[in-house]
């Protein structure tokens, strides 16, 4: 039973079927060779299903391509995920084939094929899954192990020790008492260089000259998130987004002023994008920035601005063009300075009369950093704090999207850390807990659950590290959204099963797995809700690529 013999006979025809569905959907949504917005809205469900099918398929293909790089247990987990993913993709494609008037014969042929039956029998039968789950529960090897160079390995090991020794003992208290991340955690993280991972060495960070060391960011984020999503793993996201936006659009003077401080974690920063009426619809944002002598006056509201209290600077997306019909072209980025506070409510009043009010939003999880509602009333921002200054007017949307690519990848890494913590907690509890006179881990259903959890985690992990490499090579922007889509939903599934294995104790706040469960739920919502990513980024990219291929083929045929 090997990847090279079982996976390709299923994945190759599955890719062909997927590509046919994408091409048909692209043709259905196109007018004059370009995607039509109205038609895309009419085909939202189909686009959503295409995005999810693409996520499962790419993860499966990434595992299959790693043949020879994995140990025996990881290979068995890979085959288990591929078998599950193949079934999931086929289930998503069948209604699409019917809707798009595609001949389902080849789809049904693969579903009934000897190759798929063999994959399921040898990789995913109940007996095999139980064996894999037993091996996972009793093994000591790294699940989803990926090859790292010496520098990345040292960083991973160092941050894992820090997370276990310093973060984990404080995580439960911060969560249950809704505390702000304390300086006793922030200061050692500053000293370890956490906040400078996306900032080039020339500006005080640790990243290479182009500002991209995505693999290092994933390594560190995963290690910290395993101990606590809110108290450690998420601290990197905001400087990641702001640093990338500054590197993309900031003037040299702005980079020199802001990047060294951000790298040192002084000031800490927050990102103010979302508004009460516009959620993930960034192009429709309405917070006004009006010209005044020496700068801009901000008026309006933001919401879900994480860490806004503790932050000393906010990256605010504001509408600098009063003409709302300008859409995303009327948006700019402003760096708004404010005093840092650990309070859950604050008011900042400027000498000239401007005011900024903030109130922490009570949440079921993801406590420690706190997300705030913000209200700006004639709040003054100097002209020098407009990213790009005059040349940055109207480019805020593009700078934000550049920053969000890294933020989405970092969110996928956060999901990995939460999944790993939940999986380990489930394994420990199943080994200790006895039911009906036997360890819970000895029952087939528990073993099958553990195998499925481990397979999903391993698949997401390998895909995340592969996409991180692509980003470091200047590629993979769509794939960053795709891995965020898959890893965050997977974190929900894995933590749900981990809590279920704990039974009643999983529902108790004194058990860490209850925190993993409520923390994981936020991952599919922020840094781009999964619906927005699926429709506006992943599906749209797939459809545009299909149209481009069709155009190239047509041109070649005419030539």
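The values are calculated or read from the model by the stated rules, or taken from the named source; none is laboratory data. In this text, all values refer to a predicted model and were calculated from it rather than measured experimentally. Please note: Cβ atoms are built from the backbone with ideal geometry, for glycine as well, and neighbour counts cover all protein chains shown.
Brief remarks on what is shown
- Filter result (without any contact (Cβ under 8 Å) to a residue 60 or more places away in the chain and in contact with a strand residue (DSSP E or B) (Cβ under 8 Å, 6 or more places away or on another chain)) within region 204-246: 207, 208, 209, 210, 211, 239
- Verdict on residue 138 being modelled with pLDDT of 95 or more and farther than 30 Å from residue 267 by Cβ: no
- Residue that is buried (at least 16 other Cβ atoms within 10 Å of the Cβ), farther than 20 Å from residue 237 by Cα and in contact (Cβ under 8 Å) with a residue 60 or more places away in the chain, where the choices are 285, 262, 268, 298: 298
- Wholly enclosed helices (runs of 4 or more DSSP H) of region 9-106 bearing at least 3 residues touching a residue at least 12 places away in the same chain (Cβ under 8 Å) and within 26 Å of residue 120 (Cα to Cα): 44-65, 72-99
- Only one of 284, 332, 280 that is at pLDDT below 90 and either in contact with a helix residue (DSSP H, G or I) (Cβ under 6 Å, 6 or more places away or on another chain) or assigned by TED's automatic domain parsing to the domain that holds residue 186 (or both): 280
- Residue within region 162-169 that is under 28 Å from residue 451 (Cα atoms) and in a loop (DSSP other than H, G, I, E, B) present: no
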